[in-house]
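The values are calculated or read from the model by the stated rules, or taken from the named source; none is laboratory data. For clarity, every value in this text was computed on a predicted model and none was experimentally measured. Note that we place each Cβ from the backbone using ideal geometry, even for glycine, and neighbour counts take in every protein chain shown.
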Amino acid sequence: MQVPRFDDAPRRRRLPVLLAGAGFLALLILALAGAAGGLRTVPGAPAAPVAAAPEAAAMLPAPTTATLAPHKPTPAERFRAVTVRLARNQTLAQALVKLDVPMAQVNAVVASLKGLFPFHRARPGDQLRVERRDEDGELHRFSYRQGPADEWTVERKEDGSFEARKRPVELTTEVARVAVKVEGSLWASLERAGEDPELAVLASDVLAWDVDFYQDVRAGDAMTMVVEKVLADGKLLRYGEVLAAEYKGEAAGRKRLFRYTDPDGHTSYYDENGNSARRGFLKSPLKLARVTSGFGMRNHPLLGYVRAHQGVDYGAPTGTPVWAVGDGQVREAGWKGGCGKAVVLKHRNGLESVYCHLSAVAVSAGKAVSQKQVIGYVGSTGLSTGPHLHFAVKRGGSFVNPLRLQIPRDAPIPAKWAADFAEKIAPVRASLAGEPVALN
């Protein structure tokens, strides 16, 4: 009996078999594709999002250009600045115009500063800083600086107007010990020590009764001071009071003075034993200068013959202030022949002092003056070859050598205040000696 072939099966039985085989093949292909996709998946990668239901999809906002595009940050504004110094005889407005600031903005800056900035105090050398926007060159900020403690700023606001203010500065005071060895001039020695050389002027003021800074200073001398320093934002603004000063010199010897205010409020300088530093006469009528011609016979530089030089000449620049060497009354003030513009003072101790060749006189006849008061300014009037001060002293109508005068000191500290004096100067004395002491 012949076995029927598969092809011979009735068509109605073959169709379901074919359909089942096709389905199995499709499932096998899908399984293999899924396995291959799993192999390509990066470990840790997020799963593909599941499609939202039609209702949920309808609730989601449609994507916009803003949500799809990457965020670009707004570029920061850029500025350019220029700093200049106020020139001589130049106003603030003129300086801004020279910097090409439009006139309307110049007027706006000046108007904003009115009532805040003292325009009459503007002086050559003051610092001006102008900041402009790079984009359009418009003025953004302006600052005006007069030293470390005085600065004014003008800034553009969002509405385009300008607002001015004075920058607040924190001022503090500290007490410092300053020690220098003199090499060359005292001025240069202080500069080398990192100090403001103006400290030399303060030193000459404190030690004026004992040290002549024109002829007593020698190389190798030493000076030590305990002084207040006023700081603006941590930087030296100026010196305050000199609390103690010591000078050790070949010609001057050793001088040590302390500042003391007694219970009655009177302040002066005294040595360690309470003796007053103050004398009836200063050692010199100038703070800083040099002796160019001494007392005695000499060949006159203009007249050409030998004659008595009845005073001392101090070389100094025109305009240097001249001190009254002691309290007294103005006997003469004005033109005095070969002496040029001059001042003559009469003192209570029977002495007279004469100041010649002044460029200007600062007192008038008959007026009382006090020691260290400015009575005139160095010049070259009368019989003179150049700027200098001729200083002379008379005793009983005769000229005497000013450099050899022996003037007694003022009264010492009263005994009732001796203990208070000793207590107050003790920490300052320790600081002067270099010991670490808190004086602030």
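Here the range 70-84 is the region considered, the condition is being exposed (fewer than 13 other Cβ atoms within 10 Å of the Cβ) and modelled with pLDDT of 90 or more, and the residue that is nearest to Pro124 (Cα to Cα) is Thr83.
Looking only at the range 298-308, decide whether some residue is of a type outside the set (Val, Ile, Thr), closer than 25 Å to Val217 by Cβ and either out of contact with any His (no Cβ under 8 Å at 6 or more places or on another chain) or at pLDDT below 90 (or both). Looking for residues that are of a type outside the set (Val, Ile, Thr), closer than 25 Å to Val217 by Cβ and either out of contact with any His (no Cβ under 8 Å at 6 or more places or on another chain) or at pLDDT below 90 (or both), one finds at least one in the range 298-308, hence yes. The conditions of being surrounded by 14 or more Cβ atoms within 10 Å (Cβ to Cβ) and either on the phi > 0 side of the Ramachandran plot or in a loop (DSSP other than H, G, I, E, B) (or both) are not met by Val428.
Exactly one residue among Leu190, Leu202 is touching a Leu at 6+ places or on another chain (Cβ under 6 Å) and not in a strand (DSSP E or B), and that residue is Leu190. Can you find a residue in the range 392-409 that is crowded, with 16+ Cβ neighbours inside 10 Å, hydroxyl-bearing (Ser, Thr, Tyr) and part of a strand (DSSP E or B)? No, that holds for no residue. If you go through the range 333-356 one residue at a time, do you hit one that is modelled with pLDDT of 90 or more, crowded, with 16+ Cβ neighbours inside 10 Å, of a type in the set (Lys, Arg) and part of a loop (DSSP other than H, G, I, E, B)? There is at least one residue in the range 333-356 that is modelled with pLDDT of 90 or more, crowded, with 16+ Cβ neighbours inside 10 Å, of a type in the set (Lys, Arg) and part of a loop (DSSP other than H, G, I, E, B).
Against the test of being touching a His at 6+ places or on another chain (Cβ under 8 Å), modelled with pLDDT of 85 or more and not hydroxyl-bearing (Ser, Thr, Tyr), the options Arg167, Arg145, Arg177, Arg156 yield a single qualifying residue, Arg156. Of all the residues in the range 153-176, those that are assigned to a loop (DSSP other than H, G, I, E, B), under 15 Å from Val109 (Cα atoms) and touching a residue at least 40 places away in the same chain (Cβ under 8 Å) number 1. Among the residues of the range 247-262, those identified as of a type outside the set (Ser, Thr, Tyr) and not in a loop (DSSP other than H, G, I, E, B) are Lys248, Gly249, Gly253, Arg254, Lys255, Arg256, Leu257, Phe258, Arg259.
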